[in-house]
1. Roughly speaking, what is the stretch gain from residue 417 to residue 297, that is 0.36 nm per residue apart minus the C-alpha to C-alpha distance, in nm to one decimal?
2. Direction-averaged shadow area of the convex hull around the Cα atoms of segment 85-193, nm²?
3. Using only alpha carbon pairs under 8 Å that are at least six residues apart, calculate the relative contact order of segment 122-251 and give it in whole percent.
4. How far, in nm, would the chain grow between residue 375 and residue 463 when pulled straight, counting 0.36 nm per residue and subtracting the alpha carbon separation?
5. How much length is gained if the chain between residue 26 and residue 425 is pulled fully straight, taking 0.36 nm per residue apart and subtracting their Cα-Cα distance, in nm to one decimal?
6. Please state the shape class of segment 211-279: rounded when a/c is under 1.5, otherwise prolate if a/b exceeds b/c and oblate if not, all from the C-alpha gyration tensor.
7. Seen from all sides and averaged, what is the projected area of the convex hull of the Cα atoms in segment 4-290, in nm²?
């Protein structure tokens, strides 16, 4: 059986623009409307023409440029979106709406009037009979302009169902072709809203000849759930906005409705005309133009929608993507899933990510690098490829450690003298602790290390670079030094055969630049010590311990 078609009515340019701070220029509105047409929405509610001359002109421009095919052919017109303008239930608003949308091949006027007791009493100051009469009159007035008329009983979610049947029946008699049921203040819950739609379809005179639409707000976080409940009850049109923007907590999200229908096709047995591969592009455009960022954990289009950090999830994803993803990222225009490396990541994902950026480590190297990665991840929220490269370089390219950093604490600033206390693991298996004063925290740390290591040297070069972005960037320190007092034999230059002082380099990486400096200095000192021959026996024993068992 062929699935039933449901219309997507997008109100990003009307209800969405009512989000505080989301005002769009006429150029931005036109660009969004063009993209919505490419996306395949059935109806574009382009604005509220009576709100201002600029809004009227913006809707008119969209009607002319997006609501018409270049050649005007009837076949092309079939694929064009309906261009809709909103109007309150008064002649001035309806006149403005028609003036704006009349240039479209398929124009629609959408008029509304509140029907809940609280709105009728305090906002309209009208009784129920007056409301019914005004609805009949204004729908008929709109119908005199065009055939496609939508009527909405504002705050339907808090309206008396029996009264709704009456009002909607009269609107249909007066010429409405779509009756939209808005949960204007996001008050209802799915079971309640679904029952409301089912009751309207069952009891409203003439409803079989019109489209029933649903329009839900997200004040209780239930907009998408309510809309799906309404669709399940028989609604044929869903009113949505891109990224769920809109008044207060926003509207039903286009991407959530479309992908819910597509992902759970066997449940809903519905189809839409949306090209889902354009959803991510559409989302980013709306976010950029309105200045409203998409929250990272937003369904479908959020930065984390296809990202996985937990080790268990990453392991499952590497074995079969369907273990933790109910849709493929390319279905919505995302390039691929992301295994985000963080403190919850496991070895499997870590190894796979290293392989992706070109590193194949043996078991011992992987263990050492993974341990360092976990230490960095505990302090840094996001681990980038540049971070990984720095960690690998720090752990794999360094010489065998004779002295290693176990702890470092510094005190510095404008008050008092810069002081550093270092704690090193020594070749004897003991911890060595010393404190020293310097001209700055790095100098103090180096001085304390010198006292413990006892390897006289001349610091030739010290440089610092930030190798990743952000305030929590990993810093890389490079150090070059030479042995002092001839303790290391000089190296002969092959070009001149003259003796040259040997230079030893080291580098360290850390989010704490003082720690990175101490690690770099120790790396260079370890090379110096190895070259001195004093620790040759220790090196041999260490090398033997790393040989694979026979």
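Any read-out appearing in this document is the output of simple, stated calculations on the displayed coordinates, not a laboratory observation. Note that the coordinates shown come from a computational prediction; the quantities given were computed from them, not determined experimentally.
1. Result for the pair: 38.5 nm of gain on full extension.
2. Result: a mean projected hull area of 6.8 nm².
3. 22 percent
4. Computed gain between residue 375 and residue 463 is 29.3 nm.
5. Here the segment from residue 26 to residue 425 would lengthen by 136.9 nm.
6. Because a/c hits 1.5 or more and a/b fails to exceed b/c, segment 211-279 counts as oblate.
7. For segment 4-290, averaging the hull's shadow over all directions gives 13.6 nm².
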